[in-house]
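The values are calculated or read from the model by the stated rules, or taken from the named source; none is laboratory data. Note that the structure is a prediction, hence the values are computed from the model and not measured. Cβ sites come from the backbone with ideal geometry, for glycine too, and all protein chains shown count toward neighbours.
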Amino acid sequence: MARTHDRASESLAGSSDVTSIGAIDAGGKDPLSEVLRTVKLTGALFFLVDATSPWGVEVPHARTFAPIILPGAQHVVSYHIALKGAGYASIPGTAPVRFEAGDIVVFPHADPYAMLSDPGQASKMTPEAALDFFRAMAAGKLPFVIEEGGGGPERAQFVCGFLGCDVRPFNPLLGMLPRLLHMPRTAGARSDLLERLIDLTLAETQIRNPGGESIRLGLSELIFIEVIRRYVATRGAEATGWLAGLRDPTVGRALGLLHENPAAAWTLDALAGRIGMSRSVLAERFARLVGYPPMQYLTNWRMQLAARQLSDGRKKVAEIGREVGYESEAAFSRTFKRIAGLPPAAWRSRRSESIGP
């Protein structure tokens, strides 16, 4: 499908609905948009569940259905936005989390999970039945609205989005998200961009125009981006991780500069000089928030950029190496193998085989 989010994510990043991110305000590239584009965020499935009590759905590990809904994807993320009613979400080894209308639940790490009307109830859907559902949905044999449950008086509605993306060799966004991300609706929240995107998606389902599925999948990508931006905006000052780094004025500026020109001959001194901070303070603050020293982060990001070029094009390995900052093909190949686990040529070959003709 068309890369809807490539253009739209940049415009979303400037929306007044979400707290500003330091790297954007300070100038330079928008790291969040760069990461979302480079890891190939792609809508796979998007539908609405209309459930009556008692209801329950169990979803197996994403590796079992990823080849069905998005062949060639390294990873599948699922998210759910409650429109009406309430329920419980859980993953193995954790206590169920109650969600209500307006809440958002994200499963970033492909874990098996359950969405239930009652935490003690068992789902009637077997793993085999779940895979059959995904096959039918991916083949376009099911409607956008899926009815579920026993016909009782309590009703719940939630939209379900499934998206593919790359996780190897480096996806800084997913690595910083919890296994189950639950974002309660903010009390008294006014109508915002997320609600408008959902309304637009639901309105699109009422129109049987050609291209409707592509539009819905594109909107599902934008909804997920807005969910992540909302998560960034709601994190406390004590939070750490890549997303926290985006909000920090100093680290956000450093991330913006590295993403703006990743092939430059960056050193810690040069980066600190551009920001107007001592190298020791920048190194400590960056590593504490992001989880990597600045130059290690840059190396990881360069390898992600190279991995996408290896997968998507036919450029020579040496040319790709130069484009991400390596004059020596041997040095680039050694670094890529250390980070990705495979030499560049082997990575390209394996990705071509997984995607197919």
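For a quick check of your reading of the model, give me the residue pairs whose first member lies in segment 102-126 and is of a type in the set (S, T, N, Q), whose second is surrounded by fewer than 20 Cβ atoms within 10 Å (Cβ to Cβ), with beta-carbon atoms closer than 6 Å and at least 6 apart or on different chains. Taking only residues 6 or more apart or on different chains, the pairs are 117/53; 117/54; 121/54; 123/58. When you scan segment 310-332, do you find a residue that is within 16 Å of residue 170 (Cβ to Cβ), at pLDDT 95 or above and polar (S, T, N, Q), even just one? No: zero hits.
Condition check ((1) at pLDDT 95 or above; (2) hydroxyl-bearing (Ser, Thr, Tyr); (3) in contact with an Asp or Glu (Cβ under 8 Å, 6 or more places away or on another chain); (4) under 17 Å from residue 56 (Cβ atoms)) across all residues:
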{"residue": "77", "(1), (2), (3), (4)": "yes, no, no, no"}
{"residue": "81", "(1), (2), (3), (4)": "no, no, yes, no"}
{"residue": "85", "(1), (2), (3), (4)": "yes, no, yes, yes"}
{"residue": "88", "(1), (2), (3), (4)": "yes, yes, yes, yes"}
{"residue": "95", "(1), (2), (3), (4)": "no, no, no, yes"}
{"residue": "98", "(1), (2), (3), (4)": "yes, no, no, yes"}
{"residue": "109", "(1), (2), (3), (4)": "yes, no, no, no"}
{"residue": "114", "(1), (2), (3), (4)": "no, no, yes, yes"}
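Figure legend. Inter-residue proximity from segment 308-319: first residues more than 22 Å from residue 41 (Cα to Cα), second residues aliphatic (A, V, I, L, M) and surrounded by 12 or more Cβ atoms within 10 Å (Cβ to Cβ), beta-carbon distance below 7 Å, spacing 6+ or different chains. Indicated pairs: 317/345. Looking at segment 19-59, which of the residues that are under 19 Å from residue 251 (Cα atoms), buried (at least 18 other Cβ atoms within 10 Å of the Cβ) and among the β-branched types (Val, Ile, Thr) is modelled with the highest pLDDT? For segment 19-59, the residue satisfying everything is 35. When segment 75-91 is filtered for residues that are surrounded by fewer than 19 Cβ atoms within 10 Å (Cβ to Cβ) and touching a Ser or Thr at 6+ places or on another chain (Cβ under 9 Å), only 86 remains.
Of the residues making up segment 259-275, one or more are more than 26 Å from residue 177 (Cβ to Cβ), touching a residue at least 24 places away in the same chain (Cβ under 8 Å) and touching an Asp or Glu at 6+ places or on another chain (Cβ under 7 Å). When segment 138-157 is limited to residues that are in contact with a Ser or Thr (Cβ under 6 Å, 6 or more places away or on another chain) and surrounded by 12 or more Cβ atoms within 10 Å (Cβ to Cβ), the one that is farthest from residue 80 (Cα to Cα) turns out to be 152. Mind checking whether some residue in segment 213-232 is over 22 Å from residue 103 (Cβ atoms) and without any contact (Cβ under 8 Å) to a residue 60 or more places away in the chain? There is at least one residue in segment 213-232 that is over 22 Å from residue 103 (Cβ atoms) and without any contact (Cβ under 8 Å) to a residue 60 or more places away in the chain.
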